[in-house]
Structure formats: C-alpha cells, structure tokens
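K.L.:
Following this message is one structure expressed as structure tokens.
The values are calculated or read from the model by the stated rules, or taken from the named source; none is laboratory data. All of these numbers come straight from a predicted model, not from anything done at the bench. All Cβ positions, glycine included, derive from the backbone under ideal geometry; neighbour counts span all protein chains shown.
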Amino acid sequence: MFKKLFLLLILLSFGNLYCQDDDYEVAKKEFENFVFSSDSIKIQNIKNTKFEKITDIQEYHHSVTRLLDFGLTESIYELRFSYPFDIQYVKGRNVFIFLFYLHGKEVGKIVDYAQYKDEEKQISSKLDSGINDYIVKHNLFYKTNYSQKKFIDDIITKNVYGDYCGYSGSKEEKMFDLELEKLSNVESYVNWMKSFNPEKQMWGYDQIQYLLRKELIELETDEQKIFNHIKNRNAIVETCSDCKFGIFKRVFKIKNN
C-alpha cells in the first residue's frame, strides 16, 4: 500500500511539473502570436489586451526609438508578463521586444526572453527580406561578412556606453572580456566599430580615439571612413548617469547654426 501511494505521489509530481512547463509554453506562444501580428500601436497598448493564458502585463516601458544605419529604425520595448504556475501560483517573465522599420516600413521583430538559472537562451524572431537588404548594405560599408544570426546576437546583447556607472563609480577597465586602452587590442576595437549594436560601436570608437590621441596608431582608409561615420551619424545610445541606467541620448553635442 505504501509503495503504491509513493508511486502515485511521484506521478502527480511529474504531472504537476509538466503542467507548469506547459503553462509557460502556451503563454509564450500566445505572447508571440500577439507580437508578431501587431504593429507598434497595438504593442504600445498591450496592457489593455485580453489574453487567455497571460494573466497580467507589468513593468511596460518603451525604452527608445532610434535610427541605426542605412534607413533602419529600431524601437525597443520591455515588459514582464505573468502566467499560471501550478494551481494557485503565478510566475513572471521579463521580455525585450525589438521592432524594425526600413524607411518607414516594418521589416522585422525580435523577442528576447530573460533567462532563469540553467535555462538556454530563448529568442524568437520574424524578419523579412528588408533586414537581409540592410545586412547587405552593412557588409558593403563596413567590409564585413555578417549573417542574420550575427545581427540578432548583436541587437539583443545589452551594452551600456559610459564610465563611472553604478555605486562603485569607477572607470571601466574591461569591456567584452578585453582590456581597454591597450594597443595590442586595436584589431578588436576596430571590429567593435563594425557591430550592428550602436553601444558596442561607440566603445570601439572610444578606444580608437584614445589610441589616435596617443599617436599610437594610424587608421587605414576604410577604418577612418567608419570612424568618421560613427561620429557623424551620432546615433542615440544607452548610457548612464551615476547610479541611473536606461538613459538614451546622443554622445556628441549637436552644434547649433
């Protein structure tokens, strides 16, 4: 009798775990169906949307809309959706949504889910040929051979451009696992300038500018072109002010005529 009861408890536990996972997968699918079928206006009104499995939308924030390169505009949204977990509990998942417009026409979306411990990275995307056209233009200008996967990886990698951020208020000594202000890392700094990610590009520009001022390097013609482009484009990047993060602004001051 005891053995039967023990086996029954184990089966119930496995069934409960299955239901927990199933609730998330159903909520995730429902969320993606909404995002991939909605324009920016509907996404901005997501808190008013009625879902079946998603119980609540919290911490909604439209971080920025900014021009990247070659007519591509990026809008970033972040939020947290809740879904049933077990019978009486609710779990939440933080999400970043990236929307892309090429010359005003929507060309793609990326959904990036926050990870719990021991989880694999979860990303969903819907990108049309406009993104491929953009990648081709990027590769031609920056002399790269990047793929759509590289585009996604760069876009979802969260970087903050700036020193003295956080409670420590110290100058950054390493970035992307490399020491800063090192002549031996100059090739990596140049590659940073070729990224799809504007914050990473600014870190590359920053390090190349430092080495140029020290008269430690000379740029090739193509590298100088990229260096000048980053400054002239003056993209909006995420930066910080002391302990405050999530500040988006242009690095270079715009001169008034």
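K.L.:
Which residues, taken from the stretch 118-151, are part of a loop (DSSP other than H, G, I, E, B) and within 27 Å of R80 (Cβ to Cβ)? Lay out the reasoning, then the answer.
P.N.:
Taking the stretch 118-151 as the starting set, the residues that turn out to be part of a loop (DSSP other than H, G, I, E, B) are 118-121, 128, 143-147.
Residues satisfying the conditions are D118, E119, E120, K121.
K.L.:
What tally of residues in the stretch 83-112 results from selecting those that are part of a loop (DSSP other than H, G, I, E, B) and loosely packed, with under 12 Cβ neighbours inside 10 Å?
P.N.:
Selection size over the stretch 83-112: 4.
Condition check ((1) among the aliphatic types (A, V, I, L, M); (2) touching a residue at least 40 places away in the same chain (Cβ under 8 Å); (3) over 25 Å from V251 (Cβ atoms); (4) in the same structural domain as F245 (by TED's automatic domain parsing)) across all residues:
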site	(1), (2), (3), (4)
L102	yes, no, no, no
K126	no, yes, yes, no
G130	no, no, yes, no
K143	no, yes, no, no
G162	no, yes, no, no
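K.L.:
Does at least one position in the stretch 60-74 carry a residue that is β-branched (V, I, T) and surrounded by 18 or more Cβ atoms within 10 Å (Cβ to Cβ)?
P.N.:
No, there is no match, as no residue in the stretch 60-74 is β-branched (V, I, T) and surrounded by 18 or more Cβ atoms within 10 Å (Cβ to Cβ).
K.L.:
Now for a separate question. Which residues, taken from the stretch 199-224, are touching a Leu at 6+ places or on another chain (Cβ under 9 Å) and in a helix (DSSP H, G or I)? Quick ask: steps written out before the conclusion?
P.N.:
First pass over the stretch 199-224, keeping only residues touching a Leu at 6+ places or on another chain (Cβ under 9 Å): 203, 206-208, 210-212, 214, 216-219.
W203, D206, Q207, I208, Y210, L211, L212, listed by residue number.
K.L.:
Continuing with this model, one more query. Y24: in the same structural domain as H138 (by TED's automatic domain parsing), hydroxyl-bearing (S, T, Y), touching a residue at least 24 places away in the same chain (Cβ under 8 Å) and touching a helix residue (DSSP H, G or I) at 6+ places or on another chain (Cβ under 6 Å), yes or no? Show your work before the answer.
P.N.:
Values: in the same structural domain as H138 (by TED's automatic domain parsing): yes; hydroxyl-bearing (S, T, Y): yes; touching a residue at least 24 places away in the same chain (Cβ under 8 Å): yes; touching a helix residue (DSSP H, G or I) at 6+ places or on another chain (Cβ under 6 Å): no.
Answer is no for this residue.
K.L.:
What pairs come up if the first residue lies in the stretch 223-246 and is surrounded by fewer than 15 Cβ atoms within 10 Å (Cβ to Cβ) and modelled with pLDDT under 95, the second is assigned to a helix (DSSP H, G or I) and aliphatic (A, V, I, L, M), and their beta carbons are under 9 Å apart, counting only those six or more places apart or on different chains?
P.N.:
none
K.L.:
In addition: Condition first: at positive phi, in a loop (DSSP other than H, G, I, E, B), buried (at least 16 other Cβ atoms within 10 Å of the Cβ) and not assigned by TED's automatic domain parsing to the domain that holds V95. Can you find one or more residues in the stretch 177-193 that meet it? Give the steps one after another, and end with the answer.
P.N.:
So in the stretch 177-193, the residues at positive phi come out as 177, 181.
Then keep just the ones that are in a loop (DSSP other than H, G, I, E, B); that gives 177, 181.
In the following step, the residues that additionally are buried (at least 16 other Cβ atoms within 10 Å of the Cβ) were identified as none.
No, that holds for no residue.
K.L.:
Determine, yes or no, whether F196 is in contact with a helix residue (DSSP H, G or I) (Cβ under 8 Å, 6 or more places away or on another chain), part of a helix (DSSP H, G or I) and outside the structural domain of N94 (by TED's automatic domain parsing).
P.N.:
On the way: in contact with a helix residue (DSSP H, G or I) (Cβ under 8 Å, 6 or more places away or on another chain): yes; part of a helix (DSSP H, G or I): no; outside the structural domain of N94 (by TED's automatic domain parsing): yes.
When the stated conditions are applied, F196 does not pass them.
K.L.:
I would also like to ask the following. Name the residue, out of Q58, Q115, that is within 17 Å of A27 (Cβ to Cβ) and not in a loop (DSSP other than H, G, I, E, B). Step through it out loud before you land on a result.
P.N.:
Working: Q115 fails: not in a loop (DSSP other than H, G, I, E, B).
Only one candidate qualifies: Q58.
K.L.:
Same structure, new question: Out of curiosity, is K143 surrounded by 15 or more Cβ atoms within 10 Å (Cβ to Cβ) and not acidic (D, E)? Don't jump to the end; show me each part of the working.
P.N.:
Working: surrounded by 15 or more Cβ atoms within 10 Å (Cβ to Cβ): no; not acidic (D, E): yes.
When the stated conditions are applied, K143 does not pass them.
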